[in-house]
1. Could you calculate the FRET efficiency of residue B:140 with residue B:299 from 1/(1 + (r/R0)^6), where r is the beta carbon distance between them and R0 is 25 Å, rounded to 0.05?
2. Under the rule of at least 5 residues apart or a separate chain, name every residue whose amide H is placed under 5 Å from the amide H of residue A:154.
3. Once you have the Cα-Cα distance between residue B:173 and residue B:230, take 0.36 nm times their residue separation minus that, and quote the gain in nm to one decimal.
4. Let me confirm one metric for peptide A:329-335, namely the mean number of other chain beta-carbon atoms within 10 Å of its residues' beta-carbons.
5. What stretch of chain B, leaving out the sites themselves, is the longest with no GluC sites (Glu not before Pro) in a DSSP loop having at most 16 other Cβ atoms within 10 Å?
6. With just the Cα atoms defining each centre, how far is the stretch A:568-600 from the stretch A:137-156? Give it in Å.
7. First check a/c for the stretch A:370-604, with a ≥ b ≥ c the square roots of the eigenvalues of its C-alpha gyration tensor; if it is under 1.5, answer rounded, and if not, answer prolate when a/b is larger than b/c or oblate otherwise.
8. When the Cα centres of the stretch B:204-220 and the stretch A:415-454 are compared, how far apart do they sit, in Å?
Amino acid sequence: MTASYRKKGYEMAEGYWGKYWRRRVSRRRILAGSAAAAAGAAGLVAVGCGDDDDDEEPEPAATAAPTEAAAATEAAPDEAATEAATEAAATEAATEAATQAAATGPRSGGTFKAQRAFAETGYDPAITITGYQWAAVTYNHLLGYSLIEDEAWGDAAQSWEQPDPFTIVFNLEPNLRFNPEAAGGRPITSQDIAYSYARLPAAFTNLASEVNPMQFSFMAGFDTPDESTFALNMAYPWVSAIPTLASTSLAIVAPEVVEANGGNLTDTVNAGGGAYMFESRGLDGFNSYVRNPNYAGHTTARGRFTKDPPYIDGWEDALITDSATAEARFLAGDSDILTGVVGGIDAIKAEELRGQDGVNIITGPTNTHLVMALDALKWARFPQLREALSHSIDWDGYIDIVHDGDGIRGAPVGPRFPQVLSQDEIRQLQQFDPERARQLWEQGGGDQVFPDGLTTLLATFANTRGTEFISQSIEENLGVEVTMMPVDLATYVSSLTAPPGSKIWHFALVTENTLSTIPDYNALTHYVPLGYGGAFGLFIHEHPQAPLIPPEVIDITHDIGKPIQDLYNAQSVTHDPEQRTALLHQLQRLLFTQFCCTFPVPVEATEQHALRTRVQNAPLPPDFRDNGSMGYRRAQNMWLSDA
Amino acid sequence: MQAYIIRRLLLVPFTLVLISIIVFIFMRAVPGDAADVRCGAAGNFDQQCFDVVREELGLNENKFNQYFKWLGDIVLRGDFGYSLSQRAHINEEIGKRIWNTAQIGLLSIAFTLLIGIPVGMVSAVRSGKPSDYILRFLAVMGLSVPSFWIATLVVIFPAVWWGVRVAPDWVGWEEPLTHLQILAIPAFIIALAGGGTIARIVRSSMLEVLRSDQVRTARAKGLRESAVVSRHVFRPSMIALFTIIGLQFSLVLGGSVIMESIFNIPGMGLWVISAVGERDFMIIQAVVVVFATWFLLITLLVDIAYAWVDPRIRY
């Protein structure tokens with residue numbers, strides 16, 4: 001499919017000109033706007049009125065304003081009454097509309113208008129996970145996963161069983177087909193799934209895939225006894241295999257389309273059988289999708305994956321990099337959703353939008369995760385200094401200031417998973433104690449070890465307030481100067497991942513942007529040496545990159561990292577829930593008490609998303625988030641009340 | 001004049017090479033590259049990914065080889081190569097985008113003149129009177145208030161107050177009114193700063209001419225004030241404008257980078273902003289070279305026009 005400008009959903013002859021008079025503007029908005037315009041005009045009059053004649057003393061500008069203000073005050077009771085009436089009418093109308101929608105019931109049709117802040121870097125689900133919205137809507141996956149229910153739901157799979165710890169057998173939905181532009185719309189078979197999964201390691205090695213290797217390294221092989229049975233053989237009995245199969249990257253692709261395009265789908269779309277298919281890709285990043293006529297029926301999944309109406313006919317997805325423009329599009333009804341930097345909007349913005357015409361704020365518990373990474377190589381030999389650093393940070397103050405009081409203490413496991421430590425225990429393990437911090441810092445010779453103070457990365461795109469708060473806390477309570485280096489995304493990533501000995505920072509806040517599925521790698525992977533812990537300098541001799549690093553450097557961190565990795569490995573193959581929870585508790589306590597080399601940071605307690613009121617049946621947070629598994633883009637039972 | 005033009009044209013390639021070296025060196029001096037963004041932004045810090053991408057994108061090659069290969073492709077084939085992050089052919093992308101940027105540029109120059117010249121003229125003619133002060137205040141305000149701030153207000157307030165957008169999503173000429181609406185607002189905002197500059201220049205040069213003997217003579221002949229201004233003041237005062245208008249072309253390019261981002265216009269500016277974030281050296285280098293070429297040619301044209309307008313100037 002070639003790039004083209006988007007098609008409008010209306011005919012030129014009628015719709016183009018028609019939209020100039022079709023838009024409805026509420027009375028309340030007219031009043032607000034007129035008031036603003038009047039105030040502006042009054043201001044202009046006050047500034048601009050006057051005579052060119054120099055001899056005449058100009059009327060002081062200030063006098064005009066009080067006069068206007070007095071007039072406004074006189075009129076105020078009437079206007080207040082009018083506004084109250086208007087608001088009441090608006091509320092009544094909204095209630096009426098909701099009642100009507102409820103009365104008529106769910107309906108099919110309409111186009112969901114989405115927007116995204118980042119451009120996709122390709123269209124191959126086995127390679128690209130940035131800007132992956134297209135993968136969620138245009139491909140099938142074996143499973144979906146609900147964080148709220150902590151349960152996997154069938155997508156391409158109708159049912160599954162695990163006959164032994166190393167094997168999972170899936171029975172596919174009947175009538176699964178690719179979309180008409182992919183492989184001629186032929187039926188999807190178990191061989192297609194085997195092909196799709198088998199290409200993940202090759203894509204990682206040869207095509208620089210962004211997919212996390214943990215998502216496929218547990219796969220040892222596949223059996224396809226017939227076209228509708230798929231057996232996954234595991235290299236080790238990974239406890240998180242089922243939710244992992246819901247990940248967006250594990251999409252089912254048509255092998256012939258991949259082969260016809262040189263072994264990758266980087267520039268190719270419509271190679272799947274998801275509920276929607278690409279209609280066009282615009283130069284301005286505007287993608288549009290239409291319903292895939294071949295989309296399979298589903299017998300499970302509680303309606304989340306559905307062929308039967310009601311469903312939305314199509315999607316539009318605009319690339320909007322400017323946040324003011326994104327908000328304007330949303331308020332004007334040109335987008336059904338307002339997205340923030342990492343998915344949701346902050347509490348202040350939610351409050352500002354609440355009550356606006358046509359806006360619905362949905363709120364729910366978040367499952368996000370944030371860490372403060374230390375450069376392990378710099379800190380590993382100084383346990384007292386690490387502890388001092390942790391005690392110097394006012395963690396509860398962080399919640400008050402950064403999250404406006406609506407936050408919870410962070411842990412190495414996502415806050416909504418049952419394996420997370422209690423808030424009370426976290427408070428015990430991670431205490432703010434400035435006196436002890438200062439004492440430890442002095443005993444450990446902190447000023448001699450770090451004579452130039454500490455340096456951190458101030459990411460300009462996320463967590464700015466958090467970085468500032470932590471830096472200030474350290475400065476105040478340890479008496480150490482903290483230099484904040486403002487960095488953009490590319491500099492941030494390259495600085496974070498610089499080789500051992502080359503990192504310019506002492507600590508940095510690292511956002512978890514993809515936490516929606518797996519408790520033991522999305523969050524914990526920031527702490528373990530074979531995960532991002534290694535990227536932060538916490539190496540062990542078993543690390544794949546160990547041959548590239550001098551052994552004496554690894555010696556510095558090995559003894560700290562090894563027990564973490566061992567505990568992590570142990571829990572990841574423990575299927576007994578109680579036993580696994582016990583291991584995960586042990587691991588979390590270890591991470592909290594040895595202060596190395598990643599600190600969990602408090603996160604917001606709730607997340608908010610702004611939708612237009614016409615959007616019905618959207619999944620609630622934390623399922624709502626548009627990542628990993630069951631974000632709103634895969635909730636096909638959403639519908640639009642004005643369709 | 002011919003010799004001057006030839007000399008200036010010969011200087012263009014040398015200047016461009018110098019610019020290309022500067023942009024090439026500076027881009028490589030900034031930490032991070034396309035491989036970092038592609039492999040790291042998603043949270044996959046595996047060295048293998050970096051190695052494969054760097055190899056694929058030619059980032060592991062010697063810097064001199066990278067530069068000469070890039071320059072050679074431009075000089076010999078006019079080929080800017082492929083973008084590192086989007087894998088698109090840069091020449092094709094420039095072809096699709098440059099007209100969008102040019103439309104904003106041309107429209108904003110038109111607005112600049114439409115705002116600047118009348119304001120400057122009225123201000124000069126009514127010098128020292130309240131209207132002069134007001135217009136000068138507005139001109140300084142246009143110059144001082146950042147255009148991105150005005151643009152943000154223009155985008156957000158109508159949406160908050162009335163639930164409407166003054167600049168809808170991008171569409172081409174197939175919807176002419178909407179297209180003009182999209183272009184006109186950013187062009188007007190860019191023009192506010194340029195208009196302020198032009199107004200001040202027009203005012204000062206007109207005041208100079210207004211005090212000259214020829215104007216006194218014209219008035220003494222009994223000509224109407226409007227005739228004096230239009231025939232004997234306006235034309236001689238416009239000479240100074242040419243240089244400024246030339247500079248405006250370059251400022252317009254800079255301004256369009258921000259405006260395209262705020263108004264989501266698929267031009268060169270929006271493209272280069274995303275390229276900076278993705279450390280896509282190839283796009284940034286190409287856009288800088290195109291903008292530099294544009295600027296050099298415009299300044300050459302302005303210099304030629306300057307001599308043509310003012311016979312006293314000889315090269």
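1. In this case the efficiency is close to 0.45.
2. Amide H neighbours of residue A:154: A:144, A:301.
3. The residue B:173-residue B:230 span can extend by a further 16.8 nm.
4. What the average comes to for A:329-335 is 5.
5. It works out to B:175-315.
6. With the stretch A:568-600 and the stretch A:137-156 each reduced to a Cα centre, they are spaced 26 Å.
7. rounded
8. Each part reduced to its Cα centre gives a spacing of 77 Å.
Any read-out appearing in this document is the output of simple, stated calculations on the displayed coordinates, not a laboratory observation. Remember, predicted model here, so these are calculated numbers, not experimental data. Glycine also receives a Cβ, built like all others from the backbone with ideal geometry; neighbour counts cover every protein chain displayed.
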